[in-house]
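What follows is one structure encoded as C-alpha cells, with my remarks underneath.
The values are calculated or read from the model by the stated rules, or taken from the named source; none is laboratory data. All values derive from a computational prediction rather than experimental measurement. Cβ placement follows ideal geometry from the backbone for every residue including glycine, while neighbour counts extend to all protein chains displayed. Just the protein is used for accessible areas: all its heavy atoms, side chains included, with ligands, DNA and RNA removed. Shrake-Rupley method; radii C 1.70, N 1.55, O 1.52, S 1.80 Å.
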Amino acid sequence: MIVTVLGTGTMGAPMARNICGRAFGDVRVWNRTTEKAESLADCGCTVAESVADAVKGAGAVLVMLADDAAVLSVLEEALPAMEDGAILVQASTVGVKTTEQIAARAAEHDIPFLDAPVVGTKQPAEKGNLVVLASGPDDAIDACGAIFDAIALKTVRAGEAGAGTRLKLTVNTWILGLVESLAETVALAQKLGVDPGLFFQTIGGGPLDTKYAHTKGALMTERSFEPASFSLALARKDAGLVLDAAAEADLALPIIEAVAKQMGTAIDAGHGDEDMAATYLASCPEP
Ligand code: NAP
C-alpha cells in the first residue's frame, strides 16, 4: 500500500520515517516547505512537490499539520485528488467542530475518514512509541493497523469519528494543567529559596511522581527551551481548542483559562517557538 504523510514537522517527519521503516510499498511525503521534507529521502520516502502528487494512488493519507486552518486548507487540495478506497487519517490536533467539518468533506468525496490524533511528543514519535486515539469505521482502523503499529505502542479505539478528538482534548487538558502547575511549583520553589531538585527528589518514585514532571522540570530549572518537543504556540492553540469545546458543552474551565493566559504572556514575550515548558517564563521572566 502507498502511504502518504502530509506535514513533516516535529511529529510528521519521524512518523513518516517509522512508517517507511516498516517496508510499506512506498511512502510519500509532502510539506509546505519542501526543504524540510528532503531529509526523509534518505530513508526511502518519496518527496512530492504538490499535495495532489503526494496523494495520487495512495491507500492511506495521514495528515499531521499545525492547526485547524492548515488542515482544512490542505484537505481542500488532497480530497479531490485521493483515489477510490483511499482512507483519510487525520492525526493533527484540531477542534471538535473542525473534525465534524472534515468528516462532512470526506463524506462528500466518499472517502473513509479516521479521526486519529496522537498522544506523545517528539521523542516518542521518533521511537514509534506514540498512542493513537483512533476513531471511525472499524474496517478502516483495521486497514490502517500496520501504519498505527509503525508509529505507536498502542492504538486506543475511541468510537465513531470525532471521539478521538474529544479524547485527545481531554488528555491535553490534563497535560496543560500539569505543565502550568509544574511551572508555578518551580517558580515558587526558586522564590522561596527551595532547591527545585529537592522537590523532584521528594516526589520521586512515589504516587505523586510523573516522568513528565522531570522532563519538563529540567527545562524550566535550566531555562533552556530549545529545540521544542512541542511548541508553546501549539500548546496555546490546544488550550484554545479545549476552551472552545468546553464552552460548547456549557462548562467553565478556569484552570485552562489561566493556562491559556500564561502561555499567551510567554508567547507575547517571544517564546512561541520554544518548548511548551517556556510557559514558566510568564511566571519567572528573569533568572
Ligand atoms: P510543527 O513541528 O510546528 O509542524 C507543523 C507542520 O504544519 C509543518 O509541516 C508546517 O509546514 C505545517 N503547516 C503549518 N501551517 C501550514 C499551512 N498553513 N499550510 C500547510 N502546512 C502548514 O508541529 P508538530 O509539533 O509536528 O505538530 C503537528 C500537529 O500535531 C499539531 O496539530 C500538534 O498540536 C499535534 N501534536 C503535536 C505534538 C508534539 O509534541 N509536538 C504531540 C501530539 C500532537 P512548514 O514546515 O512549511 O512550516
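Miscellaneous remarks
- Evaluated with a Cβ-only charge set (Lys, Arg +1; Asp, Glu -1), the stretch 61-137 carries a dipole of roughly 400 debye about its Cα centre, given to the nearest 20.
- Dipole moment magnitude, nearest 20 debye, the stretch 142-260 about Cα centre, only Lys, Arg, Asp, Glu C-beta charged: 220
- Cut-off 12 Å between beta-carbons: net charge of the residues surrounding T265, Lys and Arg +1, Asp and Glu -1: 0
- Taking all Cα pairs closer than 8 Å and separated by 6 or more residues, the relative contact order of the chain comes to 14 percent.
- When the chain is described by a simple charge dipole with +1 on each Lys and Arg Cβ and -1 on each Asp and Glu Cβ, the residue from A218, I2, A104 located farthest towards its positive end is A218.
- Each Lys and Arg Cβ is given +1 and each Asp and Glu Cβ -1; about its Cα centre, the chain then shows a dipole of about 700 debye.
- Projected label points at A269 and H109, each 7 Å from Cα along the beta carbon direction, are separated by 4.3 nanometres.
- Candidates per GluC sites (Glu not before Pro) in the stretch 91-179, loop by DSSP, up to 14 other Cβ within 10 Å: E160
- Label-to-label distance, nm, for residues given as K154 and A41 (7 Å Cα→Cβ offset): 4.0
- Converting phi to 3J(HN,Hα) with the Karplus coefficients 6.51, -1.76 and 1.60 and the offset θ = phi - 60°, the stretch 264-274 yields x, 4, 5, 5, 4, 7, x, 10, x, 8, 7 Hz in sequence order, with x at every glycine or proline.
- Portion, in percent, of the accessible area of the chain that falls on carbon or sulfur, probe 1.4 Å: 54
- Of V5, V131, the order by accessible heavy-atom surface (1.4 Å probe, DNA, RNA and ligands excluded), from most exposed downward, is V131, V5.
- Viscosity 1.306 mPa s, temperature 10 °C, Stokes-Einstein D of the stretch 189-287 from Kirkwood C-alpha radius, µm²/s: 109
- Divided by 2.2 N^0.38 Å, where N counts the residues, the Cα radius of gyration of the stretch 1-86 comes to 0.96.
- Volume per residue that the Cα convex hull of the chain spans, once the total is divided by residue count, Å³: 130
- Normalised by the number of residues in the stretch 145-260, the mean separation of alpha-carbon contacts (under 8 Å, six or more apart) gives a relative contact order of 30 percent.
- Normalised per residue, the accessible area of the chain is 46 Å², obtained with a 1.4 Å probe and no contribution from ligands, DNA or RNA.
- Site pair D244 and K127 shows an inter-label distance of 3.3 nm when each label is modelled 7 Å from Cα along Cα→Cβ.
- The accessible area of V119, taken with all protein chains in place and a 1.4 Å probe, comes to roughly 40 Å².
- Each part gets one Cα centre, and for the stretch 34-68 versus the stretch 199-223 those centres are 37 Å apart.
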